[in-house]
Amino acid sequence: MKTFRILYRNIRDSFKSVFRNFSLSIASISCITITLIVVAIAIILSDNVNNFATLVEKDVTIVAFIDSAATDTDLNNIENNIKALNNIASVTFESKMDIMQDMMDSSEVFDNIMSGWTEEDTPIQDTFLVKVNDIEDISDTASEIGNMEFVTSVKYGEGMVEQLISVFDIVRKISLIVVAALIIVTAFLISNTIKITIFSRKREISIMRLVGASNINIKIPFILEGLLLGILGAIIPIILTTFGYVALYKHFDGQLFSPFIRLVTPEPFIYVVSGILLVIGMVVGMFGSWRAVKKHLKV
């Protein structure tokens with residue numbers, strides 16, 4: 001019971017201290033708010049870039065062209081052999097007549113040219129469309145499919161796909177580095193701002209020591225105050241993230257420039273980002289206060 005009374009008193013004193021030192025508290029909250037907004041933007045950009053890269057990777061398809069001499073039994077065997085390989089996500093068969101019909105439906109020119117073709121004289125080949133689990137192993141998978149009987153050729157955008165993988169890998173690493181660097185800078189700025197706030201109250205801490213307060217009793221109110229400042233500073237970034245991203249998503253109808261570049265769905269994305277911002281604000285606020293009291297004021 002005594003522990004709860006002490007905790008309640010410390011929380012109450014922390015709230016009083018924030019409003020008693022209002023101008024310095026506003027400075028700390030403003031610093032936290034601005035830096036967390038920058039962090040929020042970086043996280044949103046990073047996640048959307050990663051989402052775009054993931055969608056592109058999932059859309060990459062291996063097209064296996066089948067010899068016209070292959071029978072229905074041969075086609076079934078090929079499909080089963082492909083499914084038996086590692087790294088296979090899905091296999092879809094497209095007959096040459098279906099492909100021809102799709103081409104005729106898409107263009108009057110194709111319709112005029114192909115309308116007289118029969119299944120025997122069409123140069124179009126049956127195909128298997130194969131999607132893989134891991135795009136980094138797509139070359140090996142394509143090679144295995146290409147070695148199968150009745151498979152005349154395999155195409156998947158070789159060369160360009162490898163370049164895309166390399167670019168996306170670099171973008172992901174840069175995104176992570178930028179977000180991590182911003183979080184570190186945010187911690188540094190917030191910590192220093194809170195240090196200034198606490199340094200201006202050195203006399204208050206000296207008085208607490210003179211009346212016999214222990215180090216832990218002096219530190220706890222300031223750490224709780226830092227926690228409160230972190231929470232208050234995170235409110236505006238969380239609101240901007242939640243409502244701003246939803247408005248952005250609706251304005252662009254979930255995509256940028258084309259359906260190929262889709263944005264991350266707001267839920268639960270905005271809640272995850274908001275949680276990250278709140279945790280950063282709280283942890284950095286507490287750490288900044290603890291560090292200032294411990295080192296700068298020699299408590």
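The values are calculated or read from the model by the stated rules, or taken from the named source; none is laboratory data. Quantities reported herein were computed from a predicted structural model and do not represent experimental measurements. Counting neighbours? That spans all protein chains shown, and the Cβs are built from the backbone with ideal geometry, glycine included. Side chains included, ligands, DNA and RNA excluded: accessible areas come from the protein's heavy atoms. Shrake-Rupley method; radii C 1.70, N 1.55, O 1.52, S 1.80 Å.
Taking residues in segment 78-96 that are in contact (Cβ under 8 Å) with a residue 60 or more places away in the chain and closer than 13 Å to residue 133 by Cα, and partners anywhere that are acidic (Asp, Glu) and surrounded by 11 or more Cβ atoms within 10 Å (Cβ to Cβ), the pairs with Cβ atoms closer than 6 Å and at least 6 places apart or on different chains are 85/144.
The residues of segment 86-109 that are surrounded by 15 or more Cβ atoms within 10 Å (Cβ to Cβ) and either more than 24 Å from residue 60 (Cα to Cα) or over 43 Å from the mean Cα position of the chain (by Cα) (or both) amount to a single one, 104. Only one of the listed residues (219, 298) is open to solvent by 30 Å² or more (accessible area, probe 1.4 Å) and either modelled with pLDDT of 80 or more or assigned to a helix (DSSP H, G or I) (or both). That residue is 219.
Any residue in segment 257-281 that's farther than 18 Å from residue 34 by Cα and among the basic types (Lys, Arg): show its pairings with residues that are modelled with pLDDT of 90 or more and open to solvent by 30 Å² or more (accessible area, probe 1.4 Å) at Cβ separation under 9 Å, as long as the two are six or more apart or on different chains. Close Cβ pairs satisfying both conditions: none exist.
Quick grid of which residues meet (1) under 30 Å from residue 129 (Cβ atoms); (2) modelled with pLDDT under 65:
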site: 11; (1), (2): no, yes
site: 24; (1), (2): no, no
site: 39; (1), (2): no, no
site: 66; (1), (2): yes, no
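Residue by residue, here is whether (1) touching a strand residue (DSSP E or B) at 6+ places or on another chain (Cβ under 8 Å); (2) farther than 27 Å from residue 163 by Cα holds:
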{"position": "43", "(1), (2)": "no, no"}
{"position": "51", "(1), (2)": "yes, no"}
{"position": "72", "(1), (2)": "no, yes"}
{"position": "85", "(1), (2)": "no, no"}
{"position": "120", "(1), (2)": "no, yes"}
{"position": "125", "(1), (2)": "yes, yes"}
{"position": "145", "(1), (2)": "yes, no"}
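If you filter segment 58-85 down to residues that are surrounded by 13 or more Cβ atoms within 10 Å (Cβ to Cβ) and of a type in the set (Gly, Ala, Ser), you find that the one that is nearest to the chain's Cα centre (by Cα) is 64.
Would you confirm, using the coordinates I've provided, whether residue 18 is part of a helix (DSSP H, G or I), buried (at least 17 other Cβ atoms within 10 Å of the Cβ), of a type in the set (Val, Ile, Thr) and at pLDDT below 80? Considered against the rule, which asks whether it is part of a helix (DSSP H, G or I), buried (at least 17 other Cβ atoms within 10 Å of the Cβ), of a type in the set (Val, Ile, Thr) and at pLDDT below 80, residue 18 comes out as yes.
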